[in-house]
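Take a look at the structure below.
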Amino acid sequence: MCLEAEEGVSEVEKTAYEPGTPCWVDLATSDVEGASRFYAELFGWEVIDQGEQYGGYRMAQLRGKAVAGIAPLPRPGMPPAWNNYVSVTDADVTTKAVTAAGGQVLMEPMEVPGTGRTAMYADPGGAAFGVWQAGPFIGAALVDEPGSLDWNELVTRHPDAAASFYHAVFGWDASRQPMGDTEYTIWQIGEAGVAGMFPMGDQFPADMPPFWLPYFAVSDADATAAATSRLGGRVMMEPADMEVGRFAVLGDPAGASFGVIRLNPTAAP
């Protein structure tokens, strides 16, 4: 997730993102007030309403730096979910690339006044994702620090089709590695890992569509899982160890899924 640190800037602080790098996440939820309280308590966020001109969109901050967004559902009845956004130089060009690669345009590129441009798509397997063409707002100004975004992972039943699609759209190369009885993919731009992919197996309900899952850095995955339950959420996957650290998959009180991870000190960002 991290880019190389600029002179005078912490490696977890961002002033720009390379094209093709995940740069932002936001939550679309049926309970903006409840979600704001939940994540503020869980991650220490200060959640700020951006006003009616932004449709009730809220900005979550740590140390005064933007880390995520919270917004009302665009349409009633949609399930609450976290959205992943990838940095691009031109959302219109990306829209053409998505269509050519077999994806679907869910929302045409649109201007967000005073901040940048965005669009929403679905990959050929049905997983929704967005792009962000930066203006004055680049995306997350803080990553890889407890309470901020650390990793983005596609969970899909169609890993081969997804690998072809995201390579065509963003230039991602798929580096596959064994993980127990399955295979995990790290998408790379050059030598940098920018996102991951996990194949959906029998442990997932048959009617569950593919989805993007954000992981937030935490100092203690077990304590965060316990706090999630205490605050009205649920533990969907109990804390477990893997090579890079200890992680868990959680759900907020409205049902949106997210991951948390405590990286091992020796793990690469």
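Here are a few things to note about the model shown:
- Some residue of segment 204-218 being at pLDDT below 95, out of contact with any helix residue (DSSP H, G or I) (no Cβ under 9 Å at 6 or more places or on another chain), of a type in the set (A, V, I, L, M) and within 22 Å of residue 156 (Cα to Cα): yes
- The set of residues in segment 234-263 being under 19 Å from the mean Cα position of the chain (by Cα) and in a loop (DSSP other than H, G, I, E, B) consists of 244, 252, 253, 254, 255, 256.
- Restricting segment 77-99 to residues that are without any contact (Cβ under 8 Å) to a residue 24 or more places away in the chain and not small (Gly, Ala, Ser), the residue that is nearest to residue 154 (Cα to Cα): 99
- Verdict on residue 200 being over 17 Å from residue 80 (Cα atoms), modelled with pLDDT under 95 and hydrophobic (A, V, I, L, M, F, W, C): yes
- Any hit, segment 156-164, residues being out of contact with any Ser or Thr (no Cβ under 6 Å at 6 or more places or on another chain) and surrounded by 23 or more Cβ atoms within 10 Å (Cβ to Cβ): yes
- Any hit, segment 98-109, residues being under 23 Å from residue 142 (Cα atoms), buried (at least 20 other Cβ atoms within 10 Å of the Cβ) and among the β-branched types (Val, Ile, Thr): no
- Residue under evaluation residue 49, criteria (1) buried (at least 16 other Cβ atoms within 10 Å of the Cβ); (2) touching a strand residue (DSSP E or B) at 6+ places or on another chain (Cβ under 6 Å); (3) of a type outside the set (Gly, Ala, Ser), criterion not met: (1)
- When each of 251, 233 is tested for being more than 15 Å from residue 144 (Cα to Cα), surrounded by 15 or more Cβ atoms within 10 Å (Cβ to Cβ), modelled with pLDDT of 95 or more and in contact with an Asp or Glu (Cβ under 7 Å, 6 or more places away or on another chain), the lone residue that passes is 233.
The values are calculated or read from the model by the stated rules, or taken from the named source; none is laboratory data. Bear in mind the structure is a predicted one, so any value in this text is a computation, not a measurement. Heads up, the Cβs are rebuilt from the backbone with ideal geometry, glycines too, and the neighbour counts pull from every protein chain shown.
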